[in-house]
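First comes the structure, then the notes that go with it.
Any read-out appearing in this document is the output of simple, stated calculations on the displayed coordinates, not a laboratory observation. Since we're looking at a predicted model, the values are computed, not measured. A quick note on method: Cβ atoms are made from the backbone with ideal geometry, for glycine too, and the neighbour counts reach across all protein chains shown.
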Amino acid sequence: MPEKIIVIGSSNTDMVVKSDKLPLPGETILGGQFYMFPGGKGANQAVAAARLGGEVVFIARTGNDVFGKQAIEQFAREGIDTSCIHIDAGHPSGVALILVDAKGENVIAVAPGANAQLTERDIDTAQVLISKAEVILLQLEIPISTVTYAIHQMQKLGKKVIINPAPAQALPEEVFRDLYLITPNETEAEILTGIQVTDEASAAKAAQALQEKGVSQVVITMGSKGAFVYNGATSRLIAAPKVEPVDTTAAGDVFNGALAVALANEQPLIAAVEFACRAAAISVTRMGAQASAPYLHEMKN
């Protein structure tokens, strides 16, 4: 029986244009293909975890519109517990506009809609399910006040709290000491520490700075280079499998969902990061956010 994972975060609909290159400011590019996918960092991570065998509960808000209804139906098809998804009649569902170039690089703009209305009360109403969970996974596409409240509450309950500090922004200093694990990418690590991460040595410095803030375990994701793991006893770069990228949109989300599954199943941190790197590598070979997340049987090939 897999351990329960609570994902607290955002749900968006991603509207994607894939073209040869990304436009410069003021530039219009003709041509390219249009896709529409379910997305949002919280939703992406919830789906990734569910596909990889996790028993997932998703705490979120959607609008009372077609995007929100489609999202909830999709979560149910993925086997995710949707009982803690609140339908907000006063705000639209979140939407992300994504441009992807021929090399798989992307730029993203998000209109958060109902995601910005997720509150402390929404966390409190899920206490029964939270009490049964092993791992709590959060990101930063919902209000920081809600994130901070959730982290403090979960820490009091003795839960393993993982935060993926994305999109990149500063965090209240008191948050760090309540975390089990933090998973920034290079940009996010620099914002949180002031240390530019370009290689293994600079990743180690940034990870040490994060540990000094109070979080004992740090995983810095470094794209095609892999992920740097630091917890005092361990300091090493886990290499990512070599693949030909098509779309990197949700690679970090797949990584975090996979990491949550492995840790909920009591895998050691290094093994959990290796598992997450494999899942993320598969995801970048496919278009879309949730659509790119691999299933557990694909990880065994």
With +1 at each Lys and Arg Cβ and -1 at each Asp and Glu Cβ, the charge dipole magnitude of region 26-109 around its Cα centre, to the nearest 20 debye, comes out at 80 debye
Distance in nm between residue 198 and residue 131 label points, each 7 Å along Cα→Cβ, equals 5.3 nm
Which residues qualify? For residue 63, with a placed amide H closer than 5 Å and at least 5 residues away or on another chain, they are 68, 88, 93, 94, 114
If unit charges are put on Cβ atoms (+1 for Lys and Arg, -1 for Asp and Glu) and the dipole of the chain is taken about its Cα centre, the option from 194, 115, 74 lying farthest towards the positive end turns out to be 74
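So for the chain, averaging the separation of alpha carbon pairs under 8 Å that are six or more residues apart and normalising by length, what relative contact order in percent results?
Numbers: 717 pairs, mean separation 56.3, N = 301.
Relative contact order for the chain comes out at 19 percent.
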Total charge of the residues flanking residue 56 in space, meaning their Cβ is under 10 Å from its Cβ, with Lys and Arg +1 and Asp and Glu -1, is -1
The convex hull of the Cα atoms of region 103-244, divided by residue count, gives a volume in Å³ per residue of 133 Å³
Output ordering of 119-130, 200-211 (per-residue mean of other Cβ within 10 Å, highest first) is 200-211, 119-130
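Taking the Cα centre of region 121-274 as origin, work out the dipole magnitude from +1 charges on Lys and Arg Cβ and -1 charges on Asp and Glu Cβ, in debye rounded to 20. Don't skip to the end; give the middle numbers.
Details: 11 positive and 18 negative charges, 83 e Å.
The calculated dipole for region 121-274 is roughly 400 debye.
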Computed over the chain, the convex hull of the Cα set has an average projected area, in nm², of 14.9 nm²
Toy charge model, Lys and Arg Cβ at +1, Asp and Glu Cβ at -1: the chain dipole around Cα centroid in debye, rounded to 20, equals 440 debye
Phi angles of region 229-242, converted by Karplus (6.51 cos²θ - 1.76 cosθ + 1.60, θ = phi - 60°) into ³J(HN,Hα) in whole Hz with x for Gly and Pro, give 10, 8, 8, x, 6, 10, 8, 7, 8, 9, 5, 8, x, 7
Whole-Hz Karplus couplings 3J(HN,Hα) for region 143-153, θ = phi - 60° and coefficients 6.51, -1.76, 1.60, Gly and Pro as x, run x, 4, 4, 6, 4, 4, 4, 4, 4, 5, 5
If unit charges are put on Cβ atoms (+1 for Lys and Arg, -1 for Asp and Glu) and the dipole of region 168-252 is taken about its Cα centre, the option from 235, 249, 168 lying farthest towards the positive end turns out to be 235
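Over region 1-81, what is the relative contact order in percent, taking alpha-carbon pairs closer than 8 angstrom and at least six residues apart? Show your work: numbers first, answer last.
Working: 119 pairs, mean separation 31.6, N = 81.
Averaging sequence separation for qualifying contacts and normalising by length gives 39 percent for region 1-81.
Could you sort 275-282, 73-80, 53-60 so that the peptide with the highest average Cβ count within 10 Å comes first and the rest follow in order? Could the numbers behind the result be given before it?
Values: 275-282: 24.0, 73-80: 16.4, 53-60: 25.6.
For the peptides 275-282, 73-80, 53-60, the packing ranking is 53-60, 275-282, 73-80.
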Under the 7 Å Cα-to-Cβ spin-label approximation, residue 30 and residue 173 lie apart by a distance in nanometres of 5.6 nm
With the 8 Å Cα cutoff and a minimum separation of six or more residues, region 165-301 has a relative contact order in percent of 17 percent
With label points set 7 Å from each Cα along the Cα-to-Cβ direction at residue 111 and residue 73, the distance between them in nm comes to 2.2 nm
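For region 207-301, would you read off the P(r) tail past 19 Å as a percentage of all alpha carbon pairs? It would help to have the intermediate numbers written out before the result.
Values: 1741 of 4465 pairs.
Roughly 39 percent, rounded to a whole number.
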Whole-Å distance linking the alpha carbon centroid of region 190-263 with that of region 107-170 is 20 Å
Amide H proximity to residue 238 below 5 Å, modelled H, separation 5+ or other chain, gives 227, 228, 229
Taking a straight Cα-to-Cα line shorter than 17 Å from residue 18, and setting aside same-chain lysines fewer than 8 residues away, one finds 103
Amide H neighbours of residue 4 at under 5 Å, excluding residues fewer than 5 places away on the same chain, with H built from the backbone geometry, are 134
Excluding residues fewer than 8 positions from residue 160 in its own chain, the lysines with Cα under 21 Å of it are 4, 41, 132, 213
For region 43-48, in residue order, the Karplus 3J(HN,Hα) values (coefficients 6.51, -1.76, 1.60; θ = phi - 60°; whole Hz; Gly and Pro = x) are 5, 4, 5, 5, 5, 4
